[in-house]
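Reviewing the structure listed below.
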Amino acid sequence: MLLTPGPTPVPEFVRKAMADVTIHHRTPEFEKIFEETRELLFELYGMDEVVMLASSGSGAMEACVTNLTHKKALTINSGKFGDRFGKICKAFDIEYSEIKNEWNTPVDVAAVVDIVKNDKDIDAIFIQLCESAGGLRHPVEQMAKAVKEINPDITIVADGITAIGVEKIDTTNLDAVITGSQKALMLPPGLAIIGLSNKAVEKIEKKPKGFYFNLATEIKKQKTNTTAWTAATTLIIGLKEVLAYIKANGGFEELYKQTAIRANATRESLKAIGCEIYPKVPADAMTTIYTEHAPEIRKILKTKYDVNIAGGQDHIKSLIFRINHMGLVENFEAAWVVNAIELAMDELNLRTFDGTANKVFLENMFKGN
């Protein structure tokens, strides 16, 4: 049972769609699929423009940094992926400032406001909606609103790789929102998507940058239902199937509702057996538990209960474990995971198994519905 926060399991109906005869990307047949997929993405994002890139999410992060920073960037670093924005700036000699917090701590909106007020060179801010290194949810919408009130021309870029398809994002004050195929969209890795505001498109077109990741080139081509370079045809076919399936089975709002209920039920069940939630503000994409026994618990889950969950990275590599809630996770799968964690804790003499985790999960899961 794969319950890591990416890659997530690919549903059978998606695998079947992607296994069909290969379509050439420069044909009317694929252009029709591309057009239909774009229309579904506009519904998902609620933004003015969408762009699909044949790359991982990191490629879209690079594209946003290089195309949308014309003077100086401000990066928010509360984890591995916030740190990545700074590394991209360094790689391209882009000037930037950084707000750095521990991986369980969301950014302080007031700290961002203070920097923006005192540094007129900043024209782009880069932040994660969900920092998946620790399962943290940043107050992105509040921060964006506060910044836009000071200077509406500052571009707000949000990494939504573990947020899009998980929860409804208020994109009112966001200029670019990134996601990747292997998370809540339930596809293999290799496709990145960026939602853009009209102001972001204008900024990109004003000063085009790069070659492969030149967003001005891609926007122009994708408005005509094709791509500048070779399209990730199989993944786009799969994406259309995923989005159409979600729309036909309750819609995006129902998916967000069920994900939130399942995330809350998981957190409550694990707290009930003495587990510590790691992030101060947890995202619904995953549940992250802080414990020095994380490696042993993960090993027991994988070898004895056929459950694969993720550990941490860098300085918290052996101090956390993360359980995925993204995508079409079945209730029985989530219930089995918390039950298995309680059994593992019993085996490690951390607590005596009495079925509390499963009981609390089911109460919260079905009362929530």
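Give me the mean projected area, in nm² to one decimal, of the convex hull enclosing the Cα positions of the range 1-82. Kindly include the intermediate steps, with their values, before the conclusion.
On the way: hull surface 34.2 nm².
Mean projected area for the range 1-82: 8.6 nm², to one decimal.
Calculate what fraction, in whole %, of the accessible area of the range 190-308 sits on carbon and sulfur atoms when a 1.4 Å probe is rolled over the protein chains.
51
Using only the C-alpha atoms of the range 227-327, find the volume of their convex hull and express it per residue in Å³. Kindly include the intermediate steps, with their values, before the conclusion.
Values: hull volume 17.8 nm³, N = 101.
So the per-residue hull volume is 176 Å³.
What residues qualify as long-range amide H neighbours of A124, i.e. H under 5 Å apart, gap of 5 or more or another chain, H built at 1.01 Å from N?
Hits under the 5 Å cutoff: K72, L74, T155.
Per 5 Å bin, what is the whole-percent P(r) computed from every C-alpha pair distance within the range 169-247?
Going from the shortest bin to the longest, the percentages are 3, 13, 21, 23, 21, 15, 4, 1.
Just to check, using Stokes-Einstein with a Kirkwood Rh over alpha carbon pairs, what's the diffusion coefficient of the range 91-143 at 25 °C and 0.890 mPa s in µm²/s?
Result for D is 199 µm²/s.
Quick check on my link table: of K72/K148; K145/K168; K16/K317, which ones sit more than 24 Å apart, alpha carbon to alpha carbon?
Cα-Cα > 24 Å for K16/K317; rest within.
Please sort by residue number the chymotrypsin sites (Phe, Trp or Tyr not before Pro) in the range 40-97 whose DSSP state is loop and whose Cβ has at most 10 other Cβ atoms within 10 Å.
Numbers: sites: F42, Y45, F81, F85, F92, Y96; in loops: F92.
Here no loop site has a sparse enough neighbourhood.
From the convex hull of the Cα coordinates of the range 102-225, what is the mean projected area in square nanometres?
Value for the range 102-225: 8.7 nm².
Under 16 Å between alpha carbons, and skipping anything fewer than 8 positions from K299 in its own chain: which aspartates and glutamates qualify?
K299 reaches E342, D346, E347.
Hey, what's the range 185-319 come to in accessible area per residue, 1.4 Å probe, Å²?
Computed with neighbouring chains in place, this is 44 Å² per residue.
Under a 1.4 angstrom probe, counting protein chains only, how are R298, R15 ranked by accessible area, largest first?
R15, R298
What number comes out for the charge environment of D346, summing +1 per Lys or Arg and -1 per Asp or Glu over other residues with Cβ under 14 Å away?
Here the charged neighbours net out to -2.
What 222 nm value per residue comes from the helices of the chain, counting each DSSP H run with n ≥ 4 as -39,500 (n - 2.57) and dividing by all residues, nearest 500 deg cm²/dmol?
Result for the chain: -14000 deg cm²/dmol, rounded to the nearest 500.
With the Cα gyration tensor of the range 322-369 in hand, give its eigenvalues times 5 under a square root as the equivalent ellipsoid semi-axes, listed largest first in whole angstrom.
Value: 21, 13, 7 Å, ordered largest first.
Given 0.36 nm per residue, what is the gain on full extension from K32 to E296 after removing their alpha carbon distance, in nm? It would help to have the intermediate numbers written out before the result.
Numbers: separation 264, 0.36 × 264 = 95.04 nm, distance 4.97 nm.
Contour length minus the Cα-Cα distance gives 90.1 nm.
If you filter the range 1-97 for GluC sites (Glu not before Pro), then keep DSSP loop positions with at most 13 other Cβ within 10 Å, what is left?
Here the sparse-neighbourhood loop sites are E95.
Within 13 Å, Cβ to Cβ, of I33, how many net charges do the neighbouring residues add up to if Lys/Arg are +1 and Asp/Glu are -1?
-3
Sequence gap at least 6, Cα distance under 8 Å: using those rules, report the relative contact order of the chain to the nearest whole percent.
22
Taking the C-alpha atoms of the chain, how large are the radius of gyration and the largest Cα-Cα span, Dmax, in Å?
In Å, with Rg to one decimal and Dmax whole: 20.8, 64.
Using the reciprocal of the averaged 1/r over all distinct C-alpha pairs, how large is the Kirkwood radius of the range 26-131 in Å?
15.7
Net charge near V242: determine it from the other residues with C-beta under 13 Å of the C-beta of V242, scoring Lys and Arg +1 and Asp and Glu -1. List each step's numbers first, then the result.
On the way: positive: R15, K16, K183, K240, K247; negative: E12, E36, E43, E241.
Around V242, the charge tally is +1.
The values are calculated or read from the model by the stated rules, or taken from the named source; none is laboratory data. If you're wondering where the values come from, they're calculated on a predicted model, not measured in any experiment. Cβ sites come from the backbone with ideal geometry, for glycine too, and all protein chains shown count toward neighbours. Just the protein is used for accessible areas: all its heavy atoms, side chains included, with ligands, DNA and RNA removed. Shrake-Rupley method; radii C 1.70, N 1.55, O 1.52, S 1.80 Å.
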